[in-house]
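This report refers to the structure that appears directly beneath it.
The values are calculated or read from the model by the stated rules, or taken from the named source; none is laboratory data. These figures come from a predicted structure and were not determined experimentally. Note that each Cβ is placed from the backbone with ideal geometry, even for glycine, and that neighbours are counted across all protein chains shown.
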Amino acid sequence: MGVGVGLFVLVFWPAMTTYIVTSGERYSLTSAEQIPKKDYAIVFGAALRERGTEPSNYLRWRIETGVQLYKQGAVSKLLMTGDGSFPDHDEPAIMKREAIELGVPSKHIEVDKFGFDTFDSCYRARNGRDISSAIAVTQSYHLPRAVFSCQQVGIDTIGVAAVARHGRSASAYDLLRESASTYKLYVQLAVRSVRN
């Protein structure tokens, strides 16, 4: 039993740490009046469907949540960040198109087509665009890592969970993948610390 507990802690420790550290900085749209105002909503990319022409449900819900924050006045701009490295798979372009269709003016939407992972998206937002305050928008299982990543690069960040309109907001696979991705984040932070 001791080995099992030790293995569990080893596997989930980074994810548990980011969850605890960011516990007071994650919000939902149901508590809209409590959400502090920030300059940007950083909306993180996710899978596309229909051969790269439509957002997946997860991505659509992220876009809708970012748009809602904009309409509520919680942010003044949206940054759509994700993988846009191929013409037939351009997450930020699809995200911007959807946000415009939902009523956000094009001039208030920026895109980063080289946000290949969460930390990279945050790093580029801070160092490439000089973003200093933001609301991270993604699913609740991903939110602690997204908030923590952006905070680590110097962005004053809170998070708002994307609202799922049906089904589950996370699967067991999502949670396991998130744990592995959080390990990767800690490696990225360690490498960055050594280089600096």
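Below are the figures for this structure:
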item: Entirely in the stretch 95-196, the helices (runs of 4 or more DSSP H) that have 1 or more residues that are of a type outside the set (Phe, Trp, Tyr), touching a strand residue (DSSP E or B) at 6+ places or on another chain (Cβ under 7 Å) and at pLDDT 95 or above; result: 118-129, 143-152
item: Filtered residue count, the stretch 61-89, keeping only those that are surrounded by fewer than 22 Cβ atoms within 10 Å (Cβ to Cβ) and out of contact with any strand residue (DSSP E or B) (no Cβ under 8 Å at 6 or more places or on another chain); result: 8
item: Yes/no for Leu48 being farther than 20 Å from Arg145 by Cβ, in contact with a Pro (Cβ under 9 Å, 6 or more places away or on another chain) and of a type in the set (A, V, I, L, M, F, W, C); result: yes
item: Filter result (surrounded by fewer than 18 Cβ atoms within 10 Å (Cβ to Cβ) and either among the basic types (Lys, Arg) or under 15 Å from Ile100 (Cα atoms) (or both)) within the stretch 46-60; result: Arg49, Arg51, Glu54
item: Members of the stretch 52-85 that are within 17 Å of Arg129 (Cβ to Cβ) and under 14 Å from the mean Cα position of the chain (by Cα); result: Gly66, Leu78, Leu79, Met80, Thr81, Gly82
item: The stretch 41-85, residues that are among the small types (Gly, Ala, Ser) and either closer than 16 Å to Ser140 by Cβ or in contact (Cβ under 8 Å) with a residue 12 or more places away in the chain (or both); result: Ala41, Gly45, Ala46, Ala47, Gly52, Gly66, Gly73, Ala74, Ser76, Gly82, Gly84, Ser85
item: Residue pairs meeting the criteria (Cβ under 7 Å; at least 6 apart or on separate chains; first more than 17 Å from Asp39 (Cβ to Cβ), in the stretch 122-143; second charged (D, E, K, R) and at pLDDT below 95); result: Tyr141/Asp174; Tyr141/Glu178; His142/Glu178; Leu143/Arg26
